[in-house]
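One structure below.
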Amino acid sequence: MLIDLMLFIYIAICMLLLVYSLIYTWKSKIIKKKMTKMKQKWKVLLDNEFENLKNGQHLSKAHMKYLEKKLPSINQFIAYISALDSFKEDKLMPIYLKERALSQQYLAYKYLKKDDISRSFFAYAISLYPPNARDEYLPILEVLIEYMDDASITCRENVLRALYAIGNVYAIETALEFINNHHLFHHPKLLADGLATFQGNKEELMRCLWKHINDWDAGLMVSIVNFIALSSSEYKSIFLPYLTDESVSLEIRLEILRYYRKHYYEPVQDILCSFLTSHSNVNLSIVSATVLASYPSKRTTEVLKNALCHSNWYVRYNAAGSLLKMDHYQDEINDILHGNDTYAKEILIYMMEQEGIYA
């Protein structure tokens, strides 16, 4: 009886799954067909509007009203964006985006009252086709920043992407101020890479964000230093005093150290050597051992050789890696390999094996 009951339950579950799959497939086909029809309708409407623009006319009031009527629906918005993609290479697209700005402002307020997913999609759509607001602070920017309140990571990231695409410096500053004041977490690497895609004046953005060094959270400033490292080599002398300023967060000092690995600056060499020989903070020693690979000289080679005997394994590991990158100092490496210092020899051989280098 028990076996028969279990078999019956199993068959019933299989039947339910089959019915669910059939209904899901049927509904998907209906939705796909409906979306295709909506997209085609939008393409016809857009084609007419672009033709009007080509003839020197403005967007029709009927089109603007239709946008405001239909686009509060997510499905309609998806179909609209899909249709708009067909015109993305059209030289009249900037004019179209400029003239539809008021309707997007209206829709931004509409989506403010919707759920997180809807707001996230609206922000994503704006990132694809942003209004021209690099030189003026449009109301839509404030609304987008409001989307970040009690939002998911996805929604917040899409808002930031929209702001990067719009390219307004002060909108970015306001958004990061919001993140800082509300103690929101946004991954530093994600934020730095996003800032690097900023479509406005990056030099102005860097100046604007760096001035918050003393009042924003360390995690946020680490992202900004990383962004500057990706975008500019002009901060070498500006960053230098912060390396030895112990009132500055260690996280920020470590990120500044990494900046000098990518952007060579001879005056920083003494600081790097002092960090590596000092035992006051092992994290500074670990990063300095890596950065010194970009500063090959007799002195740095000697400091790195001594670091192969450091009590911290990561310092030894990074020092060995840096030495192996210094091609002009192969004699010193051979001295270590044939010397009597067991610690130095072992870590260097280990690193050579990791890199696929054989003596």
Residues satisfying the stated conditions in the stretch 178-197, i.e. assigned to a helix (DSSP H, G or I) and open to solvent by 60 Å² or more (accessible area, probe 1.4 Å): 181, 189, 190, 193
With the condition kept exactly as written, say whether any residue in the stretch 5-25 is surrounded by 10 or more Cβ atoms within 10 Å (Cβ to Cβ), touching an Asp or Glu at 6+ places or on another chain (Cβ under 6 Å) and assigned to a helix (DSSP H, G or I). no
Residue count for the stretch 26-55, restricted to those that are assigned to a helix (DSSP H, G or I), under 30 Å from residue 89 (Cα atoms) and among the polar types (S, T, N, Q): 4
Does any residue in the stretch 190-203 that is without any contact (Cβ under 8 Å) to a residue 12 or more places away in the chain come within less than 8 Å, Cβ to Cβ, of a residue that is loosely packed, with under 14 Cβ neighbours inside 10 Å six or more places away or on a different chain, and which pairs are these? none
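Can you tell me which residue among 91, 37 is without any contact (Cβ under 8 Å) to a residue 12 or more places away in the chain and closer than 27 Å to residue 120 by Cα? Walk me through how you get there before you give the answer.
On the way: 91 fails: closer than 27 Å to residue 120 by Cα.
None of the other options fit; the residue is 37.
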Being surrounded by 19 or more Cβ atoms within 10 Å (Cβ to Cβ) and among the aromatic types (Phe, Trp, Tyr) is the filter; apply it to the stretch 251-294 and report the residue that is farthest from residue 222 (Cα to Cα). 275
Please verify whether residue 160 is touching a Gly at 6+ places or on another chain (Cβ under 6 Å), in contact (Cβ under 8 Å) with a residue 12 or more places away in the chain and either under 23 Å from residue 35 (Cβ atoms) or open to solvent by less than 70 Å² (accessible area, probe 1.4 Å) (or both), treating the condition exactly as stated. yes
Would you pick out the residues in the stretch 36-89 that are hydrophobic (A, V, I, L, M, F, W, C), open to solvent by 60 Å² or more (accessible area, probe 1.4 Å) and within 29 Å of the chain's Cα centre (by Cα)? 78
Please go through the stretch 100-127 and pick out each residue that is open to solvent by less than 50 Å² (accessible area, probe 1.4 Å) and among the acidic types (Asp, Glu). 116
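The values are calculated or read from the model by the stated rules, or taken from the named source; none is laboratory data. All values reported here derive from a predicted model rather than from experimental measurement. Methodologically, a virtual Cβ is constructed for each residue, glycine included, from the backbone with ideal geometry; neighbour enumeration extends over all protein chains shown. These area figures cover heavy atoms from the full protein model, side chains too; ligands, DNA and RNA do not enter into them. Shrake-Rupley method; radii C 1.70, N 1.55, O 1.52, S 1.80 Å.
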